[in-house]
1. Could you work out the helix-only [θ] at 222 nm for chain A, with each DSSP H run of four or more residues adding -39,500 (n - 2.57) and the total divided by the number of residues, to the nearest 500 deg cm²/dmol?
2. If the only charges are +1 at each Lys and Arg Cβ and -1 at each Asp and Glu Cβ, what is the size of the charge dipole of the range A:229-349 around the Cα centre, to the nearest 20 debye?
3. With the dipole of the protein assembly as shown worked out from charges on the C-beta (+1 for Lys and Arg, -1 for Asp and Glu) around the Cα centre, which of A:396, A:367, A:142 lies farthest toward the positive end?
4. Note down the magnitude of the dipole of the protein assembly as shown about its Cα centre, charges +1 on Lys and Arg C-beta and -1 on Asp and Glu C-beta and zero elsewhere, to the nearest 20 debye.
5. Restricting to DSSP loop positions (anything but H, G, I, E, B) with no more than 13 other Cβ atoms inside 10 Å of their own Cβ, which chymotrypsin sites (Phe, Trp or Tyr not before Pro) remain in the range B:183-282?
6. Under a 5 Å amide H to amide H cut-off, with H placed in plane at 1.01 Å, what residues pair with residue A:398 once short-range neighbours are removed?
7. To test your reading of the geometry: what angle, between 0 and 90 degrees and rounded to tens, separates the Cα axis of helix B:51-66 from the longest principal axis of chain B?
8. May I ask you to list the chymotrypsin sites (Phe, Trp or Tyr not before Pro) in the range A:283-377 that are in a DSSP loop and have at most 16 other Cβ atoms within 10 Å of their Cβ?
Amino acid sequence: MASDNANLPGGKITFLLFFALVNFSFTIGIHNDNFSEELYVKPFSSGHVMFHFQFTTVWNVSIDKPESFQHYHLFPKSLGDVLTTYKVKELHLSQTQGLWKHEKWGYPPEDAPPGDELWVWFQPHSGVDQTWADLVNALSGLFCASLNFMDSKSTVQPRWSFRPAGLASEFYSANSRFVRYSTLPREVVCTENLTPWKKLLPCGSKIGLASLLNSVKIYDGFYHSLGVHVRSVCQDTQCLTPATELKQTLTVVYDPTTNKNGKQDWSFQSMFDRTLQSQCPLADTRKIYVDVTTQETLPKFSLSPVPDFVLNQKRSGEERKIAVYQIGNHLSPSSLNLKAMYEEKLTFSNSSLPPVYANRFVTGYGLERGGVTCMIYNTMSSNTTVIFMETVPWFLRVYFSSLRIENDGKEIKPYKINFIPAKDRANPYQMELVFRLFANSVTKITYSFERAFLKWTEYPPDANHGFYVSSAVVSTVLPVASQYTATSQSVSLLEESFSDSSSSFFLRLHTETLLVSLPTPDFSMPYNVICLACTVVAIAFGSLHNLTTRDFTASDPSKRKGLVAKLKSFFKKEKESPENKPDSKEEEIPSQKDKDNSKSEEKDSKKKDGNSET
Amino acid sequence: MAAPMVNFYFQLIAFAFLHQCTGTSPEEFFKSGHTNNWAVLVDTSRFWFNYRHVANVLSIYRSCKRLGIPDSRIILMVADDMACNPRNPRPATVFNNANNQINVYGDDVEVDYRGYEVTVENFIRVLTGRLPPSTPRSKRLLSDEHSNVLVYMTGHGGDGFLKFQDAEEISNVELADAFEQMWQKRRYHEVFFMIDTCQAESMFQKFYSPNILAVASSKVGEDSLSHHVDPSIGVYVIDRYTYYALEFLETVTPGSKKTMGQFLEVCPKYQCISTVAKRTDLFRRDVNKVLLTDFFGSVRNVELLPDSIHLQNATLHTHSEDSSDVKSDKPLSYAQQFPMPV
């Protein structure tokens, strides 16, 4: 074998062979997928900056036909296998840490609740519950998250709130048998979730926009959200054949004013600790967009390098200016470090409120009852219909009769209600309300609940932390695209949705999650009980035992001397003993008696010792 | 047409490995008897003041990855999140040393069992392989009779037990029985069991299966101590035994000839304050002749074939049917997202 090694062909020939093979493989099969990487940067008037990365892969095969999922090129095989095995038609997974502040930042391109949220539409088949249970297990392995905790105790079938986002027939989407929705409000998102997410990208994390994703900086941000969205889209304008779209999004919000002496200056170097040095050669679209609507008004800022061109985005009721960078133009001679420099320090001003936003909180006190209140604000001058969905865990027993919707003191009757009560340890409470939000008003939804006792094995190891209630989902349709940045339903890329001629914009927003304490037993109780019980036994039983088993002899109280008298008699003895010889005989008798007493006392003390030993 | 293609690929791969082999004979490759390496790394402690246990297990994880065991062969169980904990002043990092600043959490970590999933039941199921059918591959220990498995456990322990997350315990008898199940099912070739807890020796005293080499950070009756505090974090960042073990492992490269005997001598009493205990009676080979990389590294041994093999084309379709044409008569439409009248 050593001789074989000596006769090996040189490195050059091996390289040539590889090259030939790679070229050969390219001619086999025409790839019918395309990939785009986009970055959308939007500074907010509150001083924060949002970076929204979107990696879109569109593959011209139908997800309805799993046998067409072969010859993977840009679409990740690990995800494709999961989708075909578990008969998935649409999948939406978001992993978020932080709360998106709608009042200050408007609407994000993808709204996500804190924690993990997963909703899936399945192909029509029987046994969807079992498929869902298997799917969450597979996804938990794929994304390194505890998605396997999304079991029947936290899964609901939303009837109106989570219709398919892609192509679907009306008959199919009206049937909520095939949709499952679940959240894990407590789930932590860290580098271990970013790593498998990055592995799904065709160019990986070493080149292209994904090379900016420095976990140490991203997880230091104000808000970060990972998203994986799979749906069916039209292949072309005729829309006779479907294609499968995979959209991977990462939204990060930073607060640059804390570092830059009050100015909202941001750059790739300061936000990601890296500059953009390459672009993904597999991508068709490689662009960066910066929202420069407020560039000329206060606060003024300038971008460096100068953008390739500036788009005017027109969406019903909203005009924005978007600076566009084609990444390829800016990589030479040195890497791209996109910078924004502000002239003045940030001044805090009242930003314009978005059309609809919501707040939710727990009310009440104590560990027996409580209530939940949700305030939905409508700042538009027109009424709008809203669908409000809540999922409450079974151990917070909701009183449906206490549900009230009020607007300015007047009660509102909901147009439709879908309320499915919980089953202990099996299903959660599911509530969907459809009602009208009046113009320029606040609508308050309240209900009360009672806290249940859990069995002692059902408490998590850190039971005193409390239990989480997932965020409520508010869905509505806006007539104006005020502060609206989501992509339109019929397109895939951000740049395709900048100018949109539609007049209605679907909005989904999530409220805060709630943290509720349940009556929790004291888990240090067994130790305390043992201590207490042993003390009681020792004192009570011991004393009783002494009382019942000891022999008591009476002693003459007059002969018993107090301490002072004893001391006096001791000194008297010393003084009198050399003088009173004839008295000595008399004293011997009482001393004998004392001896007898002392002997009996010794016996008693021995008995006592004996008792204590036993 | 595809079969000669596959054959060509095979020959090319064989060439590539030939090119990279170190020039030793194939008999030496298989002397140790194992063909693949697995690692099961468990941290059983929750809460911020147990930061050091997470740093312990991540240090060993980092060493295993550095020496060649891939993520697909490592099962990492971390009971609490320290890196993205709100109390962590440097998010997405876990340091094992206040000064040296090695970020043991790294940039490409994959945790298989996290948070509430780290339970005694899951741990025993992983070892014995008795997992529900829907468990994904990354959460399974798919070892065979030629696998060397490294099992590392850290947390709070006592005489005969190890505490999982303040809620339950695993006893040394259960652990010994789990290893016996593994032996009877031929799920390991050799096991190296490392444990860093108080009274750690008690955990391996009940082992009775062959081919287990065990080391513990303290004897029965002794406490394992932690190393130092990081003032900015406020808690101890690493335990003594793992700190000195990591120091030793940082000097090891994938091709190193250091032996397990040297590793078992790491952390003498003046450094560790507790006495490091070891158990070599169940291990068949001489500890001083076993390479460290037999357990911490990964074997990528290749058998060299001078002949070519013709494989049947069993899976590839040469021509895919026009399956992508699901042409419908009517144009498809997007689902209405808001089903209520606006």
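Any read-out appearing in this document is the output of simple, stated calculations on the displayed coordinates, not a laboratory observation. Values in this document were obtained by computation on a predicted structure and should not be read as measured data. Heads up, the Cβs are rebuilt from the backbone with ideal geometry, glycines too, and the neighbour counts pull from every protein chain shown.
1. Helices in chain A give a 222 nm mean residue ellipticity of -7000 deg cm²/dmol.
2. 80 debye
3. A:367
4. The calculation lands at about 1320 debye.
5. In loop regions of the range B:183-282 (DSSP not H, G, I, E or B), the sparsely surrounded chymotrypsin sites (Phe, Trp or Tyr not before Pro) are B:208.
6. The list, which skips near neighbours in sequence, is A:450.
7. 50 degrees
8. Taking the range A:283-377 and a limit of 16 other Cβ atoms within 10 Å, the loop chymotrypsin sites (Phe, Trp or Tyr not before Pro) found are A:348, A:365.
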